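Single-structure report; data block below.
Derivation of every value follows stated rules applied to the coordinates shown; laboratory data play no part. As the structure is a prediction and not an experimental result, all values here were calculated from the model. Cβ coordinates were reconstructed from backbone atoms using ideal geometry, including for glycine residues, and neighbour counts include every protein chain displayed.
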Amino acid sequence: MSHGDGGAPAQGRAGHGDRSPDRAKKGLIEQAYREAEGAGLALLCQDEAGPYQAIPQPGGSWQPEAKPARQPHEYVRGGTAKLLTLFRPASGALRAKAVTSGTNAVLHPWRQAELTQVLASLSAIDPADAERPALAQWQTWLGHPPVTSLPPLQAILVWDNLAGHQSWSIVQWLFQHGVMPLYTPLGGSWLNMAESLQRIVCRRALAGQHPRSREDLLAWLDDAVAGWNAAPTPFEWGGKRQERRQRARARRLGGSGAVEAQSQSNAA
């Protein structure tokens, strides 16, 4: 993505060799997950979950023995709801709101208000500070020096590549407030950790339940968000599971710690 004034992210054009654009985007997002917080930047993920219908929801529930939960075979669709989320994996803090509509007119003002609060909670940065690490500089994430004057970089925002997220009005607002947007590539929504958290929270709110109205959906989703924030769990990219997978691959090669750079088929 780029704009005429050169301020929007090139996302990995420089310093990434001849890799495809999607692979470069993936590499930048993974680097941000691993290193941004250590460089003094807030790493945030934003997404919208839903829509969820006010109908019987699949899932397990606690019931007396030999008395399984029963759902009506006929029901009235009671409307839909969505969940707007802004998630900081390093702390587990979740800013979310259940809404009846997720249009740009609803999403953009909510996102700007939440980001403004997050940025206000961060330590002030001196614009003249030249000692900040490379990962805290715009150039590292843009792929080139910023063409126009920008405030100090304070946060990185990972989100998907919806058309509304690429409108210049919202992108310009992000840059003017020291936020670098990183877009997940096509088919790469799994790179957005907000989606993982949404599955947890929305399952807690709705699994096995029968919301009968839009108001039920809104209240239950908001309650699940409050429950999560009462004891938030930090997320880590890769983590112990990735380490176990890497060790398993190494064991398959004789336990030497070596791995094949590229799998090859053996001739018979």
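Any idea how far the Cα center of the range 143-193 sits from the one of the range 71-116, in Å?
The range 143-193 and the range 71-116 have Cα centres separated by 20 Å.
Give me the one-decimal nm value for the distance between modelled label points at Trp190 and Thr80, 7 Å along each residue's Cα-to-Cβ direction.
Simple spin-label model gives 2.6 nm for this pair.
Just subtract the alpha-carbon distance of Ala163 and Ala226 from 0.36 nm times their residue separation and send over the number in nm, one decimal.
Going from the current span to full extension adds 19.7 nm.
Classify the range 60-120: rounded, prolate or oblate, from the alpha-carbon gyration tensor (a ≥ b ≥ c, eigenvalue square roots; a/c under 1.5 rounded; otherwise prolate if a/b is larger than b/c)?
Taking the square roots of the gyration eigenvalues as a ≥ b ≥ c, the range 60-120 is oblate.
Thr100 to Gln71: FRET efficiency via 1/(1 + (r/R0)^6), r the Cβ-Cβ distance, R0 25 Å, to the nearest 0.05?
0.60
Where does each of 66-77, 40-51 land if you order them by average Cβ count within 10 Å, highest first?
With the highest mean Cβ count within 10 Å placed first, the list reads 40-51, 66-77.
Listed highest first by mean packing, meaning other Cβ atoms within 10 Å per residue, what order do 137-147, 54-64 come in?
In descending order of packing, they fall as 137-147, 54-64.
Mind ordering 94-103, 25-34, 227-236 by average Cβ neighbours within 10 Å, highest first?
25-34, 94-103, 227-236
Please compute the length gained on full extension between Arg23 and Ser149, using 0.36 nm multiplied by the number of residues separating them and subtracting their Cα-Cα distance.
This chain segment gains 42.5 nm when fully extended.
Place a point 7 Å from the Cα of Glu215 along the Cα-to-Cβ direction; which residues of the range 25-65 have their backbone N under 13 Å from it?
Output list for this probe position: empty.
Please name whichever of Ala120, Gly102, Trp141 sits farthest to the positive end of the charge dipole of the range 91-165, dipole taken about the Cα centre and charges placed at Cβ: Lys and Arg +1, Asp and Glu -1.
In the range 91-165, that residue is Gly102.
Roughly how many nanometres apart are two label points built 7 Å out from the Cα toward the Cβ at Trp62 and Gln137?
In this crude label model, Trp62 to Gln137 measures out at 5.6 nm.
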